[in-house]
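Structure first, commentary second.
The values are calculated or read from the model by the stated rules, or taken from the named source; none is laboratory data. Fair warning: this is a prediction, and the values are worked out from it, not measured in the lab. Positions of Cβ are backbone-derived with ideal geometry, glycine not excepted, and every protein chain shown enters the neighbour counts.
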Amino acid sequence: MISLTVELGPRSYPILIGSGLLGNPGLLDPYLRGRDVLVVSNETVAPTYLEPVRAMLGDARVETVILPDGEAHKSLA
């Protein structure tokens, strides 16, 4: 596994890259205890990955937003 840090001062966060990470349910625990989580996905990715991601989040309160697929939906504008 490779861990990269997005340096944003007090809002810094890690990006974890590797094979089989969705099969490691405790991997995110150090980052999530006592937190609410928002998972943003799209109609193409969510059917495959949403449930494994939810399982990794353990007892965290998870809200999801599923966007339509396509470049037009990748903007906050």
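In the stretch 64-77, what count of residues is obtained for those that are over 27 Å from residue 24 (Cα atoms) and either outside any loop (DSSP other than H, G, I, E, B) or under 11 Å from the mean Cα position of the chain (by Cα) (or both)? Step through it out loud before you land on a result.
If we filter the stretch 64-77 for residues that are over 27 Å from residue 24 (Cα atoms), which is where we start, we get 68-77.
Subsequent filtering for residues that are either outside any loop (DSSP other than H, G, I, E, B) or under 11 Å from the mean Cα position of the chain (by Cα) (or both) retains 71-73.
The total comes to 3.
Quick test for you: out of 38, 4, pick the one residue that is loosely packed, with under 10 Cβ neighbours inside 10 Å, free of Cβ contacts under 8 Å to residues at least 40 places away in the same chain and not hydroxyl-bearing (Ser, Thr, Tyr).
Values: 4 fails: loosely packed, with under 10 Cβ neighbours inside 10 Å.
Of the residues listed, the single one that is loosely packed, with under 10 Cβ neighbours inside 10 Å, free of Cβ contacts under 8 Å to residues at least 40 places away in the same chain and not hydroxyl-bearing (Ser, Thr, Tyr) is 38.
Here residue 27 meets the list (1) aliphatic (A, V, I, L, M); (2) modelled with pLDDT of 90 or more; (3) within 26 Å of residue 67 (Cβ to Cβ); (4) surrounded by 10 or more Cβ atoms within 10 Å (Cβ to Cβ) almost entirely, failing just condition (2).
When the residues of the stretch 4-21 are filtered to those that are farther than 20 Å from residue 49 by Cα and polar (S, T, N, Q), the one that is modelled with the highest pLDDT is 5.
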